[in-house]
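Structure first, commentary second.
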Amino acid sequence: MNSGSNGGSYLAPESVGKIGRIGLVAGIAGLVLLAAGFATNRDQFFRSYLTGYMWMLGLSAGALGVLLLHHVTRGAWGVMIRRILEAAASPRTLGFAAVAFLPIALGTHSLYEWTHGEVVAADAILTHKKPWLNTPAFLTRSAIYLAIWIVFAAVLGRLSARQDETGDRRLALWMQRWGAAGLVAYLLSMTFAAFDWLMSLTPHWYSTIYGLYVIIGQAVAAMALVALAALLLGEGPSPAVPFQPRHLHDLGKLLFAFVCVWAYFGYSQFIIIWSGNLPEETTFYTSRMNGAWKATTIALVLLHYALPFALLLSRDRKRSARALAPVAVLLLFARWLDLHWLIAPSFSADAFTLHWLDLAAPLALGGFWLFLFTLGLKARPLLPENEPFLKEALAHE
Amino acid sequence: MHGPQTEPLLHGVMAEFRTPEELLEAIGAAKAAGFTKLDAYTPYPIEKVLDALDLHHSKLPLLVLGASIVGAVGVFGFAYWASAIDYPLNIGGRPLNSWPAFIPATFEGAIFHGGLAAALGMLLLNGLPRPHHPVFNVPRFVDHASKDGYFLVVESDDPRFDAPSVKRFLESLAPVEVNEVEN
Amino acid sequence: MSSTTNDVRVTDPIAQPPVLAPGHTPGSVTERISEMVHTKLTKTPKWWLLGLAVGFGLLNLFLLAVTNLFMTGIGIWGNNVPVGWGWDIVCFVWWIGIGHAGTLISAILLLLRQSWRNSINRFAEAMTVFAVACAGMYPILHLGRPWLPYWLLPLPGTLNMWPNFRSPLIWDVFAVSTYATISIVFWFVGMLPDLATLRDHAKSKVARFAYGMAALGWRNSARHWANYEVASLLLAGLSTPLVLSVHSIVSFDFSVGIVPGWHTTVFPPYFVAGAVFAGFAMVLTLVLPLRPLFKLHDFITERHLQNMAKVMLTTGLIVAYGYVLEIWAAFYSGNEFEIFMVLNRFTGPYAVQYWLLILCNILVPQLLWFRQVRSNVWALWVIAMFINVGMWLERFVIIVVSLSRDYIPSNWAMYHGTKWDMAVFAGTIGLFLTLLLLFIRFLPALNMFEMRVLTPEATKAHGEEK
Amino acid sequence: MTPLRTSAAAWTTAVQVAKTGARSPLAHTQQHFRLEGREIVRVMSLPEYLKDPARAKGHGLPPKDASLFQPGWEYKENAWGLSVDLGSCFGCNACVVACQSENNIPVVGKEQVGKNREMHWIRVDQYYEGTDLENPEIHHQPLMCQHCEMAPCEVVCPVAATVHGAEGLNEMAYNRCVGTRYCSNNCPYHVRRFNFLEYNGEREQEPVLKMLANPDVTVRSRGVMEKCTFCIQRINRARIVAEREGRAIRDGEIRTACQQTCPADAIVFGNINDPGANVSKLRSEPRTYWLLEELNTRPRTTYLAKVTNPNPDVEAG
């Protein structure tokens, strides 16, 4: 796999470049498919694209959230994976996400019912929501969200780079401060992004935990990604990053915790709406619980919670990158399923839908994203050598 | 193994050390000398001592998992039976099998049983409660075992146990004190 | 942000105060802490006796109030028909929330391997147990027929009926009783080695016997420790979801109902955060005075205070997130009842309580962003008191203000707690204080064996940096 | 039609009012009289009604599939319902008194009323509307347990003391109630009443007073919840008679106490499964609406919106 020892310089192995090239090819192939889809079935294109976009964004945004959390808590667990997170949540990847948002911005009329003037005019509730749900405000807010993430990714990346150069110990403190501010900004912006981009697909329906549900899903995506990256970078006789079982155990525990919290948020929303049984809210679950999407719901619970939960209970599985990898792949698929479950029934409540574009979109966006991610991995040493806690993190048994 | 029907006169021979490092060295030496029935006494858990004595195979996690599953299945089963079979009632138009509402109690049932199993299982596996034990017959043990003393005991059911030679062996390790632990 | 002058003075900007003052050995830690218990009865400190007198006095007020309650009926309280729950449930939630910090410190921080928990976990766990005891009485006391609480348990009885598993109050029964049980178990298991220490160093026969029985024969054997460590981790692993579930289920008591102001999906995480927020405020409220009284500065260092302040700030921000979402969602929803609920909080007859709550829970805690504030014990104590009040007000606003003006305007009515409401609340404070004082006098209030782990001698042996 | 004397000139003699300095709290069962723009009482003018008779219906009941419980419960034989005509009710409160006597409802006195603990199972809400403070428009609305098919009160009771009967009544088992009061909190209509104290103590001790009580109705003790039962004792009596005679219960055979007393015949009770029943006919009137229909509680009690046709001369006067 990785040819040539890194000799403690923690440089990316060649396999990273290979993976990046695979991503690029996949991205181009996906793009061709997307173009074909755009030409033939425009409405479906936008729906599938939104799902793929949110899936891809989750990798970056989730990584940003976990990175911010690491800086705030200064936990040793985060030092080992900081560069992976920085590569996933870089101005490069998030900038790509900003560019990739353009089709959604152009497709609002196809995606969002509240952009239809005549529908809004005939509906008292939508008229009431007009000050919030209108195209200029939507686009402005979207730009702000993306800008916030890019700014924090850039600042943390810069601080991290400066730490590599100067070794100034005060930088750790600044990273903590930016981390605290960033965590607040990320939680708020992502909450409202989730409301705007996803929840407003069914503009009458609302749920206050929705933002947190989307956010924890992104955290799951990010940790699954990290687990796969740990396999890529930590394997072989002279691994690029010396991941010890103990480190992987921490990552596995974090992934396990996020999966549980995802289920907790999902169940909380469900039981409150189920018990209240208010028609204003039940619309979200009628098709998902009793109707055409019931099987999808069951599959989601199994694949996003029950199965990973059972698998991650094992201590041995958490301590090996090889054993973690299948769970991570499963969860990355479950992430897509979760988003499909959130988005697709808004357009087709009465029938289950799965279009080939639903797979082309994540292929295209994920492919390009992967390429950019590997560029990030190659850009700098894979461990922050001047991080004051690095020794502690490495020593960590 | 030991033949006699009556309890042996000695529980073992105990040596006290000043630091964890000395204790670790002593454990290493005792193992090298072929002793297998060893126990150490430390005022706080020391990972390396547990490693040296090979004590990392607790059955507790399995016990707790089992108890949690029993608790969850038990509570859900009961809620279902009580609500849908034994006394079916139309409550607010909700279905008899209101499974979403049974989940919180089910979850608590799992935690309740698992938690009790963890605590009781720990006591059971440790042979507690047992208010008295031969090691307490050593005065310095009582004074220091729960403060700052690190003790090693070669127990009398060790096949190579022979009080005088064990004593001599332990004394060679530069302990604070060596004592025979009477039963 | 802290000023640059501060940074200049500190040689290493990222250095943190130690979790244990330098110079301690396992022996010195043990002696210093067991001395708190092994002091002769006649040498009990005066402040302790005074505190116990106050606590015990209030406890008697509690008995008086409860006697009247049982004899006369809950009509002696202020509850009425739109506002079926008043001080009773406000105080229930307040107390149970306070308990959460203990479990958080002992369980979650154990899982996260945060060594700063070692000196405060025992105290916080005890606080949990006593707070849950206070909380646990309210659901019984608030019943119209408080002699029948066992009907909420799934017991076979002459009525041949079972509880309604669809009711969040039944979930509550399961959650609170599990929480009480597991908290006591966790607390006791955590104390076992320290009880053995007290047994070994007891100066009187009575004490040796009592601690000996309580210690169940613990003898610090490596075989014990092996199972013990596994059990601790398992209990922590179970307590973490437990503590989340308990306050989530308490939040379900409201959120599965359909009262505007109760029914919102963000309640579970927001209640959990509020509980931790309140719990840490209470830990600080108690620890800050105890630290000088028992001269515990070596064990409860500035690091602990800093960290607790940071946890309060974080959880306080999550609570603020909940407030923001509630308000935003009301306007976003276009639901007239939700919008009115928010406006009523802002400008209705209970607006004073609402704005006080914002002051106590949101505005004042923002001071914790400043390092100078976090390291000032007086400021910390005052902020903690604000939060204690604020979290009480939060539950008052959620419960009473929502109920007093909901769907049908003809129902709207005001609610006023009576002197008996206050007497019961004061009484539970008395119970809490009494139990707490007895605890710090007769049981190991600081975790001796885990403090030994923090000494240089132990960290050297441990190989693994904590 | 001649102009009536309006409340602008209600008195013919001048009266003088002077402050005495003394204070006395007023006990009132209702404290808020504005509708706050809510569609609790629905009123329309005659022209509005003629233009769109179903105007007051609003959205009507939410569709059955809005509920997450599928399939729902069915009530195959009798399904009791009540219709209240707001156009007829003029707020005389006779129903309140009738209900009080029929159902052994305690009279709690001024102090308890002052604490919002009156026990009436039915109450007549009053709302004032309009900008003319001197002469507002007044609406009356009798409110009692709505016997919701998907009752929010039942779900939250921990001991299943309030459940649904086979004929769709929301039933209260006093014996089982432990008094958490959650049902009252979660009832959007707040029509449940709680015995905060032993309100019937006096009645229980005095043999003469004991005889005051209706022997068909349980006297409730301290600490339990109670509410309108649709006069279940009368339903049961009719059922026994009908069973003895081997026939179905006839429409009009059961009259609730409030219905029996109402001088304006504003209240009608009956079997809504019987299309010929009076109550069914009223329910199919376009004026019919459900109170807080959007909560999907599916009440068995329905209201007929009020249609006004004021004499323009009176308006001007």
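No lab work stands behind these numbers, since they all come straight from the coordinates. Note that the structure is predicted; figures quoted are calculated from it, not measured. Cβ coordinates were reconstructed from backbone atoms using ideal geometry, including for glycine residues, and neighbour counts include every protein chain displayed.
Tabulated data for the structure shown
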read-out	value
Cα-based helix-to-principal-axis angle, A:91-100 vs chain A, degrees rounded to 10	20
Where Rh is the Kirkwood radius over Cα pairs, Rg/Rh for the range A:14-384	0.96
Loop trypsin sites (Lys or Arg not before Pro), the range C:167-262 (other Cβ atoms within 10 Å of the site Cβ: 16 or fewer; DSSP)	C:K203
Fewest-first ranking of D:R176, A:R42, D:R220, using other Cβ atoms within 10 Å as the exposure measure	A:R42, D:R176, D:R220
Number of partner chain Cβ atoms within 10 Å, mean per residue of C:138-151	4
Charged-residue dipole, Cβ positions (Lys, Arg, Asp, Glu), the range C:43-459 about Cα centre, Debye nearest 20	1380
Relative contact order of chain B, defined on C-alpha pairs under 8 angstrom at six or more residues apart (%)	50
At most 16 other Cβ within 10 Å, DSSP loop - trypsin sites (Lys or Arg not before Pro), the range B:23-120	B:K37, B:K59
Trypsin sites (Lys or Arg not before Pro) within the range C:241-333, DSSP loop, no more than 15 other Cβ atoms inside 10 Å	C:K295
Within chain C, longest stretch clear of exposed GluC sites (Glu not before Pro) (DSSP loop, no more than 14 other Cβ within 10 Å)	C:1-463
When the protein assembly as shown is reduced to its Cα atoms, the Kirkwood hydrodynamic radius in Å	34.8
Virtual spin-label span in nm between D:N311 and D:A22, 7 Å along Cα→Cβ	4.2
Eligible aspartates and glutamates near D:K76 by straight Cα distance, threshold 17 Å, same-chain separation 8 or greater	D:E149, D:E167, D:D251, D:D274
Cα long-axis angle, helix A:76-88 against chain A (0 to 90 degrees, to the nearest 10)	60
Share antiparallel - DSSP beta bridges, the range D:36-316, percent rounded to 5	75
10 Å Cβ neighbours from other chains, averaged over peptide D:170-180	4
Taking only Cα atoms of chain C, radius of gyration then Dmax in Å	23.3, 75
Relative contact order for the range C:43-459, counting Cα pairs under 8 Å that sit 6 or more residues apart, in percent	31
Qualifying lysines (Cα of each under 18 Å from Cα of D:K306; at least 8 residues distant if same chain)	D:K51, D:K57, D:K281
Rounded to 10°, Cα long-axis angle of helix A:210-234 versus longest principal axis of chain A	30
Span-like helix ranges in chain B, DSSP H, alpha carbon extent 27 angstrom or more, Kyte mean at least 1.6	B:60-80
Chain A: relative contact order as a whole-number percent, Cα under 8 Å and 6+ apart	36
Kyte-Doolittle mean at least 0.5 and Cα axial length at least 18 Å: DSSP H helices in chain C	C:46-72, C:87-103, C:121-141, C:168-200, C:222-255, C:267-293, C:302-333, C:377-396, C:419-442
Sequence-distant lysines (8 or more away, or on other chains) whose Cα lies within less than 28 Å of C:K40	B:K147, C:K203, C:K205, C:K295
Computed [θ] at 222 nm, deg cm²/dmol, the protein assembly as shown (DSSP H ≥ 4; -39,500 (n - 2.57); rounded to nearest 500)	-18000 deg cm²/dmol
Debye, to nearest 20: dipole size of chain D, +1 on Lys, Arg Cβ, -1 on Asp, Glu Cβ	580
GNM flexibility winner over chain B from B:I69, B:I91, B:I103 (Cα, springs under 10 Å)	B:I91
